[in-house]
Amino acid sequence: MRFDIVTIFPAMVEQALAAGIVGRAIQRGTLDVKVHDLRAFTTDRHRVVDDVPYGGGPGMVLKPEPIFRALDAIGSEGSGRPLVVLTSPQGTRFSQEAAQRLAAAQRLVLLCGRYEGVDERVRERVDEEMSIGDYVLSGGEVPALVIVDAVSRLVPGVVGDERSVAEDSFSRGLLDFPQYTRPAELAIAGSRPLKVPDVLLSGNHAEIRRWRKREAIARTFARRPDLLAGATLDQEEQELLRELLAERSREM
Ligand code: J9Q
């Protein structure tokens, strides 16, 4: 899969992409990511990318011409029309479902917006406008990196172990169960050791699976009850949820 990222902070984006699973996939050639400096598409001496808003008001607005030129240049590279995504607070919410949809594209262009805004006419060339959540950021670079990361993990060969993608908590619609690693008893000065639940050391895989399901459901119920409505629960998980709800109502 090919990503083109248009930004006024190319060095920051390049640095972030060089690390971790995405960085390794780029090195291997499983992903092709090109970062474009918006200033390279200006034509004036001072390489100006923004201007004051018509009608007045605070802040600066990204000018349309450098963005149109960047999109034209990117579109004429390679083959097929890329899907153009603008990151902005006005976008629809990015989600695992949105990541799956975007992962079906051969080519994705991510246009990093600015806090103050982007000239409205740019939207003529934008297929999707996406927000990663309701908080104020100074620019769309971090949201674009979030989208690249989440979409890349769905590209075959990017994540080494395909099982971890399939079993990913959000793909299943539940939060993850608690994870432990060695030591089985963690010594704590002046208090009792912190122990790993016995069931995980038991070697009883049916019991372990059931314990993990119960924990995942209990956590989701406690922390993100909104997720339960959209979760696909198997027979055993539905029973565990009913048990949990019955326990709760007895405690009330
Ligand atoms: C461009 N706050 O915030 C959340 N998702 C996207 C954004 C965003 C922002 C400012 C500029 C994107």
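The values are calculated or read from the model by the stated rules, or taken from the named source; none is laboratory data. What you see is a predicted model, and the numbers here were worked out from it, not measured in a lab. Every residue, glycine as well, gets a Cβ built from its backbone with ideal geometry; the counts of neighbours run over all protein chains shown. What goes into the accessible areas is simple: the full protein's heavy atoms, side chains included, and nothing from ligands, DNA or RNA. Shrake-Rupley method; radii C 1.70, N 1.55, O 1.52, S 1.80 Å.
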* **Of the criteria (1) open to solvent by 90 Å² or more (accessible area, probe 1.4 Å); (2) near the ligand (Cβ under 9 Å from one of its atoms); (3) of a type outside the set (Val, Ile, Thr), which one TYR180 fails** => (2)
* Asked: Of the residues ALA246, ALA206, ALA216, ALA231, which single one is in a helix (DSSP H, G or I), in contact (Cβ under 8 Å) with a residue 24 or more places away in the chain, open to solvent by less than 70 Å² (accessible area, probe 1.4 Å) and over 30 Å from GLY23 (Cα atoms)?
  -> ALA216
* Is there a residue being within 17 Å of the chain's Cα centre (by Cα), loosely packed, with under 14 Cβ neighbours inside 10 Å and over 16 Å from GLY140 (Cα atoms) anywhere in segment 37-53? -> no
* Within segment 120-156, how many residues turn out to be over 14 Å from the mean Cα position of the chain (by Cα), open to solvent by 30 Å² or more (accessible area, probe 1.4 Å) and more than 15 Å from PHE3 (Cβ to Cβ)? -> 12
* Asked: Quick one: would you say ALA222 is within 24 Å of the chain's Cα centre (by Cα), aliphatic (A, V, I, L, M) and surrounded by fewer than 16 Cβ atoms within 10 Å (Cβ to Cβ)?
  -> yes
* Asked: Do you know which residues across segment 99-116 are in contact (Cβ under 8 Å) with a residue 40 or more places away in the chain and either in contact with a Lys or Arg (Cβ under 7 Å, 6 or more places away or on another chain) or surrounded by fewer than 18 Cβ atoms within 10 Å (Cβ to Cβ) (or both)?
  -> GLN100, ALA103, GLN106, ARG107, TYR115, GLU116
* Structure fact -> Of the residues in segment 156-202, those that are at pLDDT below 95, of a type in the set (Asp, Glu) and in contact with a helix residue (DSSP H, G or I) (Cβ under 7 Å, 6 or more places away or on another chain) number 0
* Asked: Hey, does segment 113-127 have a residue that's closer than 26 Å to ARG24 by Cβ and within 16 Å of the ligand (Cβ to nearest atom)?
  -> no
* Enumerate the pairs (first residue in segment 1-28 and open to solvent by 60 Å² or more (accessible area, probe 1.4 Å); second residue anywhere and modelled with pLDDT of 95 or more and in a loop (DSSP other than H, G, I, E, B)) with beta-carbon separation below 7 Å, excluding pairs fewer than 6 apart on the same chain, so at least 6 apart or on different chains. => ILE21/VAL158; ILE21/VAL159
* Structure fact -> VAL199 fails exactly one of (1) part of a helix (DSSP H, G or I); (2) open to solvent by 60 Å² or more (accessible area, probe 1.4 Å), namely (2)
* From the list GLN96, GLN100, pick out the single residue that is within 27 Å of GLU77 (Cβ to Cβ), more than 14 Å from the ligand (Cβ to nearest atom) and within 18 Å of the chain's Cα centre (by Cα). => GLN100
* Structure fact -> Those residues of segment 207-248 which are at pLDDT 95 or above, hydroxyl-bearing (Ser, Thr, Tyr) and over 12 Å from LEU175 (Cα atoms) amount to none
* **Neighbours by Cβ (under 6 Å, 6+ apart or cross-chain): first from segment 68-88, in contact (Cβ under 8 Å) with a residue 60 or more places away in the chain; second more than 16 Å from the ligand (Cβ to nearest atom) and in a helix (DSSP H, G or I)** => ALA70/PHE41; LEU71/ARG125
* Structure fact -> For VAL61, the lone unmet condition from (1) modelled with pLDDT of 95 or more; (2) open to solvent by 50 Å² or more (accessible area, probe 1.4 Å) is (2)
